[in-house]
Amino acid sequence: MTIKGLDGAANSAAAAHKPAHFKLENLIRPNILSLEPYRCARDDYQSGILLDANENSLGHSLPPNSVIPHNPGSSNGATPVQSTEADDPLSLNRYPDPGLFGIKDAVAELRGVPNDAFVFLGVGSDEVLDLVQRVCCRPGKDKILICPPTYGMYSVCAAVNDLEVVKVPLITEGGKFALDVEAVNKKLAEDPDIKIAFICSPGNPTGTLIPPIDVRQVLDNPAFKGLVVVDEAYIDFAEEEKRMGKRPAEEIVSAVSLVHEYQNLMVTQTLSKAFGLAAIRLGIAFAQPPLVQIMNNTKAPYNISSPTAHLASLALSTKGIAQMRENVQTLIRNRDQLISALQTLPGAGAILGANEANFVLVQMLDLETRSKPDNDVAQMVYKRMAEEMGLVVRNRAKDLGCAGCLRITVGTEEENKRCIELMKGLLEGGK
Ligand SMILES: Cc1ncc(COP(=O)(O)O)c(C=O)c1O
């Protein structure tokens with residue numbers, strides 16, 4: 001297979017050969033497979049008088065003394081393009097450094113993949129989810145598979161890309177939301193037009209981790225020639241539970257552990273959740289180098305901005321990771337308190353899912369008998385809290401298996417207390 005721009009040595013040293021039934025070049029759309037990686041003069045020459053890229057030679061137009069963070073220098077292995085402006089440490093008038101300040105290396109090290117050739121960076125994981133559909137699926141012909149209730153963007157991207165969405169629900173009985181491996185594999189075997197199966201782990205809005213052992217069963221399905229994408233936006237909450245002794249230390253929670261083995265796997269993550277950097281829009285995909293190269297060949301040049309790369313490199317420093325872990329531990333403790341409070345709140349019903357992320361999915365019960373989940377009550381609580389009390393949660397009552405459910409993001413202790421107080425008032429006061 002020739003993937004344009006792929007470093008042959010890195011690829012042959014790193015690439016997996018499993019599973020035998022998968023051929024990347026048969027999956028990728030031919031027009032995408034023939035793309036050359038974007039190249040510019042800056043790939044070859046980064047210093048001197050730079051008159052190659054039609055940038056603004058006078059510098060940026062921000063007012064004097066605007067606060068701009070300092071670049072991280074070469075301490076993490078990258079040398080950003082130098083600025084001639086003293087007040088422009090990020091060289092904002094220049095296109096971003098394609099080396100991305102070493103953040104791919106930092107991410108590879110953090111997640112334990114061999115090197116940066118296994119890492120793709122996107123504008124949030126939302127860009128990755130869209131791009132992977134674009135490289136694999138022919139508009140108007142191909143399909144994706146999702147497992148509802150799940151994150152809405154898989155279907156939004158499918159609509160944009162003119163792809164049909166095939167649904168195989170999670171096993172919703174008992175509110176556990178396990179992957180129905182058998183049904184997924186059956187559907188994938190029946191329909192060769194399905195090119196990608198999306199698995200969300202921990203799920204949104206379910207909060208339930210899908211064990212890598214289940215993912216492996218889909219990867220090994222010889223009748224499925226497509227790609228499995230595991231969306232791990234919330235994985236750090238499950239990872240941290242191990243460090244806190246809340247789950248076995250030896251448990252493998254992330255499907256990144258399978259990336260070195262399987263060519264038909266992509267795992268997406270993000271700095272938007274555990275790292276608390278939703279504003280910078282940095283999403284990550286882990287996959288074997290040929291697929292990463294194809295994604296790189298297809299993306300817009302310079303999709304990651306210098307301010308984003310700079311802030312991400314700080315977040316991925318040793319201190320940044322320690323801070324992230326501390327914050328996640330605090331959120332896990334707050335989540336457990338929130339769950340306890342909801343469990344004793346009259347009018348609140350079952351807490352669904354496994355609570356392995358930074359939100360809780362809780363049923364609102366009917367006001368008369370308090371015996372069954374009630375969508376009207378969920379809507380009433382949702383609307384009145386938002387409109388009259390200034391506290392916004394998410395109404396997920398219409399999602400499959402989530403009747404009467406609100407999804408509450410874990411807040412600070414005070415925010416959570418306030419949420420419980422308001423819900424108590426509304427559930428006692430009725431309509
Ligand atoms: C499951 C899941 N995946 C992806 C995303 C999007 O993440 P990003 O901010 O990286 O685009 C979200 C955001 O809520 C999410 O819940």
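Values in this text are rule-based calculations from the coordinates and carry no lab data. Nothing here was measured: the structure is a model prediction, and the numbers come from that model. Cβ coordinates were reconstructed from backbone atoms using ideal geometry, including for glycine residues, and neighbour counts include every protein chain displayed.
Points to keep in mind about this one:
- For Lys242, the lysines whose Cα comes closer than 19 Å to its Cα, not counting residues fewer than 8 places off in the same chain, are Lys273.
- Mean separation of Cα contacts under 8 Å (6+ apart) over length of the stretch 322-429, as relative contact order %: 28 percent
- Candidates Val228, Val362, Val156, ranked by Gaussian network fluctuation over the chain, Cα under 10 Å, top entry: Val156
- Exposure proxy ranking, count of Cβ atoms within 10 Å, fewest first, for Thr150, Thr172: Thr172, Thr150
- Short-range pairs are left out: with C-alpha atoms under 8 Å and at least six residues apart, the relative contact order of the chain is 18 percent.
- Of the residues Gly203, Gly276, Gly226, the one that moves most in a GNM of the chain with alpha-carbon contacts below 10 Å is Gly276.
- Applying Stokes-Einstein at 20 °C and 1.002 mPa s to the Kirkwood radius of the stretch 344-400, computed over alpha-carbon pairs, gives a translational diffusion coefficient of 178 µm² s⁻¹.
- Zone of Tyr38's modelled label, taken as backbone nitrogen in the stretch 278-318 under 18 Å from a point 7 Å along Cα→Cβ: 281-285, 292-310
- Max mean-square fluctuation residue, GNM over the chain, Cα-Cα springs under 10 Å, options His17, His310, His260: His17
- Cα Rg, Dmax (largest Cα-Cα span) when computed across the chain, Å: 23.2, 76
- Loop sites in the stretch 367-431: GluC sites (Glu not before Pro), DSSP, at most 10 other Cβ within 10 Å: Glu368
- Derived value for the stretch 322-429: Kirkwood hydrodynamic radius 13.9 Å. Basis is the mean of 1/r over every pair of different alpha-carbon atoms.
- Computed per residue of the chain from DSSP H runs no shorter than four, each worth -39500 (n - 2.57), the mean residue ellipticity at 222 nm is -10500 deg cm²/dmol.
- Fewest neighbouring Cβ atoms within 10 Å first, the residues Ile199, Ile294 line up as Ile199, Ile294.
- Debye log10 I(q)/I(0) at q = 0.14 Å⁻¹ for the stretch 229-335, Cα point scatterers: -0.65
- Helix 124-136 axis, angle to the chain major axis (alpha carbon atoms, nearest 10°): 70 degrees
- Relative exposure of Tyr95, Tyr382, judged by other C-beta atoms within 10 Å (fewest first): Tyr95, Tyr382
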